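A.B. asks: Quick one: the structure is below, questions incoming.
The values are calculated or read from the model by the stated rules, or taken from the named source; none is laboratory data. The structure displayed is predicted, hence computed values, not measured ones. No Cβ is skipped: glycine too gets one built from the backbone with ideal geometry, and neighbour counts run over all protein chains shown. Heads up: the accessible areas ignore ligands, DNA and RNA and are worked out on the full protein's heavy atoms, side chains in. Shrake-Rupley method; radii C 1.70, N 1.55, O 1.52, S 1.80 Å.
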Amino acid sequence: MVSLPKRDGLRGVRVALLEARMGTELAELVRRHGGAVRSAPAVREAPLDCSAVVSDFLDRIRTPARRVHVFLTGAGATALFQEAERQGQLPFIVESINSGTIICRGPKPTAALKRYGLSTIATAASPYTSRELLEAMAGIDLAGAEGTLVHYGERNESLSHDLRQRGAALNELCLYEWRLPEDVGPLQDLAHGLVKFEVDAVIFTSQVQWKHLFHVATALGLGDAVVHALNSNIVVAAVGPICSAALHAAGVHPHVVPDNPKMGPLVAALAEHFTKVRYVQTGGG
């Protein structure tokens with residue numbers, strides 16, 4: 001084992017990124033701190049054929065009722081309004097949703113709704129988990145309300161359960177899903193690279209990135225080896241508590257989780273970590 005000197009930020013640090021949608025922006029942040037980027041996009045947002053789902057939703061909201069609309073994702077909100085527009089119902093859906101109570105999980109769905117002139121009654125506080133969302137809704141009476149839950153790329157079963165337990169008659173909308181990239185070659189290469197210690201750090205900006213990396217690694221017979229590598233001489237950075245919890249559940253213990261769950265603070269926290277900490281090399285480069 002060899003003691004390594006402290007680093008100046010990410011200068012000379014080989015950083016693996018799994019971000020796809022904001023991959024260019026994340027890579028630029030890492031490079032600004034001096035890091036060398038290795039990109040292996042792990043997720044693609046695949047739209048679903050939601051014409052029938054949205055048509056049914058439009059029919060539902062024609063009946064007068066007390067409604068509470070919960071948006072977990074900007075992509076889901078955008079998909080809903082775009083499909084309504086395709087069906088010639090955009091003014092109607094905007095007016096109907098505006099007449100109800102609107103709650104958002106975080107800034108992304110809030111921004112998506114703002115583009116349609118809609119404002120939220122409540123927004124979850126950072127770090128925007130289901131816990132903060134439910135806390136933001138604590139003063140909202142859901143008993144007997146018609147609830148709408150617009151999911152992100154996979155169904156949040158526990159949140160659905162909690163909203164139903166509070167009395168909402170819940171209508172769940174799943175308008176897109178998270179899938180593996182069409183080309184999993186870079187992910188396969190990264191799995192091999194991790195067990196060979198070809199990178200010094202990995203940045204996870206969503207829990208599904210870890211799930212997909214582990215899925216690909218397991219298919220290669222490298223699942224356990226990747227977990228071992230990430231717990232050895234590779235620094236793991238997770239954007240927030242949801243991502244961190246998914247890693248912990250798989251036996252991976254993140255070294256860096258910023259207080260503010262955004263890419264900028266995440267990269268800054270990783271750079272600070274490398275600046276402060278002296279490492280012991282356990283194998284590989």
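A.B. asks: Output the qualifying pairs, or none if there are none: Cβ atoms under 8 angstrom, residues six or more apart or on different chains, first residue in the range 218-242 and over 17 Å from A16 (Cα atoms), second residue modelled with pLDDT under 95 and aromatic (F, W, Y).
C.D. replies: Pairs that qualify, where the first residue is over 17 Å from A16 (Cα atoms) and the partner is modelled with pLDDT under 95 and aromatic (F, W, Y), are G240/Y128.
A.B. asks: Same structure, new question: If S119 satisfies all but one of (1) assigned to a loop (DSSP other than H, G, I, E, B); (2) free of Cβ contacts under 8 Å to residues at least 12 places away in the same chain, what's the number of the condition it fails?
C.D. replies: Looking at each condition in turn, S119 falls short on (2).
A.B. asks: Just to be sure, is A225 within 20 Å of the chain's Cα centre (by Cα), open to solvent by 20 Å² or more (accessible area, probe 1.4 Å) and not β-branched (V, I, T)?
C.D. replies: no
A.B. asks: Under the condition of being modelled with pLDDT under 95 and surrounded by 14 or more Cβ atoms within 10 Å (Cβ to Cβ), which residue from the range 11-31 is nearest to A271 (Cα to Cα)?
C.D. replies: G23
A.B. asks: Moving on to the next point. Give me the residue from the range 170-210 that is over 18 Å from the mean Cα position of the chain (by Cα), among the hydrophobic types (A, V, I, L, M, F, W, C) and not in a helix (DSSP H, G or I) and, out of that set, nearest to E28 (Cα to Cα).
C.D. replies: A201
A.B. asks: Does A20 count as touching a Phe, Trp or Tyr at 6+ places or on another chain (Cβ under 9 Å), of a type outside the set (D, E, K, R) and either assigned to a strand (DSSP E or B) or touching a residue at least 12 places away in the same chain (Cβ under 8 Å) (or both)?
C.D. replies: no
A.B. asks: Shifting gears a bit: Would you mind stating whether S99 is in contact with a helix residue (DSSP H, G or I) (Cβ under 7 Å, 6 or more places away or on another chain) and either farther than 22 Å from N156 by Cβ or surrounded by 14 or more Cβ atoms within 10 Å (Cβ to Cβ) (or both)?
C.D. replies: No.
A.B. asks: Which of the residues spanning the range 121-160 are under 23 Å from I61 (Cβ atoms) and either among the aromatic types (F, W, Y) or open to solvent by 40 Å² or more (accessible area, probe 1.4 Å) (or both)?
C.D. replies: The answer is I121, T123, D141, A143, G144, E146, Y152, R155.
A.B. asks: Of the numbered conditions (1) modelled with pLDDT of 95 or more; (2) outside any strand (DSSP E or B); (3) in contact with a strand residue (DSSP E or B) (Cβ under 6 Å, 6 or more places away or on another chain); (4) not acidic (D, E), G153 fails exactly one; give the number of that condition.
C.D. replies: Single failed check for G153: (1).
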